Amino acid sequence: MNKSDVLIIGAGAAGLMAANLLVKAGKKVTVLEARDRCGGRIHTLHNELFFKNVELGAEFIHGDLPVTLGLLNEAGIAYYPADAEMWQYKNGAFVTERRFIEEWGLLMEKLDEVEHDISIEEFLDKEFPEDKYNDLKNSVRRFVSGYDTADPEKASTFALRNEWQGEDGDAQYRVKGGYGVMIKYLEDKITGSGNEIYLNSIVKEIKWLPGRVDVVTLDGSVYESSQIIIALPLGILKAGDIEKASISFNPPLAEQNKAIADMGFGSIIKVLLEFEEAFWMDAKTETLAGKSLGNMGFLLSDENMPTWWTQVPQHSAILTGWLGGLPAYKKKDATEQEILNESLQSLSNIFKRDIEELKGKLRAFYIANWTVDPFTLGSYAYDTVAVSQLRSLLNTPVSDTVFFAGEYLYEGAAMGTVEAALWSGEDAAKKILDKSA
Ligand SMILES: Cc1cc2nc3c(=O)[nH]c(=O)nc-3n(C[C@H](O)[C@H](O)[C@H](O)COP(=O)(O)OP(=O)(O)OC[C@H]3O[C@@H](n4cnc5c(N)ncnc54)[C@H](O)[C@@H]3O)c2cc1C
């Protein structure tokens with residue numbers, strides 16, 4: 001039987017970060033990963049004919065985030081600014097925007113006055129009841145749904161205020177070669193020091209007693225350790241028995257399960273389209289928009305696939321489509337062809353191109369429907385009202401034996417990010433090391 005000091009379930013950013021720190025401190029670690037690759041919601045396409053170094057999952061570093069940038073610097077991995085123009089297509093016209101939320105100053109003023117946490121939908125109804133604020137309200141709902149992939153009826157106003165006030169100016173970066181390079185660095189550190197990462201290992205049962213853990217995978221293999229870090233997505237922890245990757249604890253962790261059930265986990269569909277040429281940069285589009293879209297980064301619209309972005313500052317013929325929150329959840333069972341058609345129809349409506357012309361120019365596509373991905377079952381976490389007690393419960397080790405880690409356990413403004421996952425992995429490892437010091 002495989003025996004280690006610490007078992008880590010899940011080789012995403014959180015699990016690998018925890019493993020790396022433990023290995024550095026001399027612990028014997030075993031990582032069990034369900035997929036045939038590491039990285040989880042980080043998935044850079046490296047070896048394909050199309051979409052070279054393009055991301056199916058996490059793509060941006062949303063600000064000067066200390067843990068992410070610290071790790072990249074330690075690894076000697078370069079990153080570069082991803083600044084680009086932001087555009088909106090609204091009422092049939094292309095307009096440049098600095099912010100995607102209307103009347104930002106007024107919104108911040110009202111948010112500052114909130115004393116008790118309520119859902120963002122309740123906040124909007126209470127503070128902006130008149131019709132004249134419809135644009136403001138719709139832009140907030142669209143942002144909460146699109147960026148945070150959250151349900152506005154459940155999302156915490158305090159958490160969104162914290163996120164928006166913590167916004168780090170316009171700083172935004174991409175990792176050179178993609179986030180996958182960072183994952184490879186962590187992977188090599190772990191395996192290079194004689195520790196194992198077992199791929200294709202779907203954990204199903206965790207039997208534990210103080211100081212002793214036995215983990216059983218779908219194929220019946222058993223792994224033993226003294227401590228365990230559960231670095232799984234919230235979607236998997238919430239999942240019922242019928243899901244392929246759901247896990248059970250023996251004895252059950254009733255309080256923790258309840259907390260997990262009450263936390264918010266969103267939905268996302270990310271679409272990659274590679275065309276023969278960047279038609280959004282041609283003369284026809286320039287005439288339509290009244291200005292060149294050559295430096296366009298983001299483009300927001302009211303179409304069924306509402307958000308689009310380019311690879312600017314790198315120029316390529318790739319467009320990324322993004323549908324988040326409840327609208328993505330409602331389409332979770334749509335076929336790839338349906339999602340592709342809807343994406344092309346949205347572009348056809350925005351750029352006034354015949355859909356057949358767009359189909360003819362399309363060289364390759366990828367549809368990443370993370371909500372039905374069996375090892376994620378959603379996008380990333382968002383804070384529901386009064387979530388902080390739930391998080392602190394899950395951040396408390398169970399009998400110094402069972403530890404949780406993952407982006408959903410992060411305390412800070414960069415929620416739902418790679419930073420959140422790395423921070424949480426580091427935090428779980430430090431808790432183990434502090435006790436054993
Ligand atoms: C489409 C998309 C775009 C995103 N864009 C950004 C972005 O631009 N910037 C940013 O900072 N963040 C972004 N994020 C969020 C970011 O990707 C995540 O917050 C982060 O990668 C989560 O890391 P994690 O380790 O917590 O979870 P994961 O990466 O999900 O890792 C969990 C691991 O557990 C494995 N697993 C699941 N079930 C089992 C099982 N039963 N047994 C064993 N292993 C199992 C999974 O396969 C996975 O590898 C994005 C996420 C998505 C989905």
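FYI, it's all coordinate maths here, none of it is from the lab. The structure displayed is predicted, hence computed values, not measured ones. Heads up, the Cβs are rebuilt from the backbone with ideal geometry, glycines too, and the neighbour counts pull from every protein chain shown.
Taken over the C-alpha atoms, the stretch 253-398 has Rg and Dmax values of 19.2, 62 angstrom. Using only the Cα atoms of the stretch 114-163, build the gyration tensor, take square roots of its eigenvalues as a ≥ b ≥ c, and label the shape rounded, prolate or oblate: rounded if a/c is under 1.5, else prolate if a/b is larger than b/c, else oblate. Oblate, since a/c reaches 1.5 and b/c is not below a/b. Picking from SER193, SER119, SER424, which is most flexible by a Gaussian network model of the chain using Cα springs under 10 Å? Between SER193, SER119, SER424, it is SER193 that shows the largest mean-square fluctuation. Charges were assigned to the Cβ only: +1 to each Lys and Arg, -1 to each Asp and Glu. The resulting dipole of the chain about its Cα centre is roughly 1220 debye.
First check a/c for the stretch 380-437, with a ≥ b ≥ c the square roots of the eigenvalues of its C-alpha gyration tensor; if it is under 1.5, answer rounded, and if not, answer prolate when a/b is larger than b/c or oblate otherwise. Cα axes put the stretch 380-437 in the oblate bin. Taking 0.36 nm per residue of sequence separation and removing the Cα-Cα distance, the LYS204/ALA254 pair yields an extension gain of 16.3 nm. 3J(HN,Hα) along the stretch 281-286, derived from phi through the Karplus expression 6.51 cos²θ - 1.76 cosθ + 1.60 where θ = phi - 60°, amounts to 10, 8, 5, 5, 5, 4 Hz, with x in place of Gly and Pro. Residue-wise HN-Hα couplings along the stretch 141-153, as the Karplus relation 6.51 cos²θ - 1.76 cosθ + 1.60 with θ = phi - 60° gives them from phi, are 4, 5, 5, 4, 6, x, 7, 8, 6, 9, 8, x, 6 Hz; Gly and Pro carry x. Listed by chain and number, the aspartates and glutamates whose C-alpha is less than 15 Å from the C-alpha of LYS361, apart from same-chain residues fewer than 8 away, are GLU274, GLU276, GLU277, ASP282.
The amide H of ILE202, built 1.01 Å from its N in the peptide plane, has LEU218, ASP219 as neighbours under 5 Å, considering only residues 5 or more places off or on other chains. Largest mean-square fluctuation among ILE242, ILE355, ILE339, in a Gaussian network model of the chain whose springs join Cα atoms under 10 Å apart, belongs to ILE242. Return the subset of LYS189/LYS258; LYS207/LYS431; LYS184/LYS207 for which the Cα-Cα distance in this structure is over 24 Å, preserving the input order. Beyond 24 Å: LYS189/LYS258; LYS184/LYS207. Structure remark: mean-square fluctuation, Gaussian network model of the chain, C-alpha springs under 10 Å; the largest value among ALA84, ALA421, ALA11 belongs to ALA84.
Amide H contacts of ARG174: ILE61, TYR80, ALA82, each under 5 Å away and 5 or more positions distant or on a separate chain (H built 1.01 Å from N in the peptide plane; Pro and chain starts excluded). Non-local lysine pairs in the stretch 1-158, meaning eight or more places apart or on different chains, with alpha-carbon distances under 30 Å, amount to 16.
3J(HN,Hα) along the stretch 389-404: 5, 5, 5, 5, 4, 6, 7, 9, x, 8, 6, 6, 10, 9, 10, 9 Hz, from the Karplus curve 6.51 cos²θ - 1.76 cosθ + 1.60 with θ = phi - 60°, whole Hz, x for Gly and Pro. Applying 1/(1 + (r/R0)^6) with r as the Cβ-Cβ distance of GLU113 and GLU356 and R0 = 41 angstrom yields a FRET efficiency of 0.20. When you count the other C-beta atoms within 10 angstrom of each residue and take the mean per peptide, 139-152, 259-272 line up highest first as 139-152, 259-272. The relative contact order of the stretch 196-258 comes to 32 percent, based on Cα pairs under 8 Å that sit 6 or more residues apart. Peptides 65-77, 340-352 ordered by packing proxy, namely the average of other Cβ atoms within 10 Å per residue, highest first: 340-352, 65-77. Counting alpha carbon pairs within less than 8 Å and at least 6 residues apart, what relative contact order, in whole percent, applies to the chain? RCO, the chain: 25 percent. Computed from Cα atoms, the angle from the helix 180-192 axis to the main principal axis of the chain rounds to 10 degrees. A DSSP coil position with no more than 14 other Cβ atoms inside 10 Å describes the following trypsin sites (Lys or Arg not before Pro) in the stretch 1-42: ARG37. To the nearest ten degrees, helix 418-436 and the longest principal axis of the Cα atoms of the chain are 20 degrees apart.
Computed over the chain, the per-residue total of -39500 (n - 2.57) for DSSP H runs of n ≥ 4 gives a 222 nm mean residue ellipticity of -10000 deg cm²/dmol, rounded to 500.
Between rounded, prolate and oblate, where does the stretch 142-295 land on the alpha carbon gyration tensor, with a ≥ b ≥ c its root eigenvalues, rounded for a/c under 1.5, else prolate if a/b exceeds b/c? Judged from the Cα gyration tensor, the stretch 142-295 comes out prolate (a/c at least 1.5, a/b above b/c).
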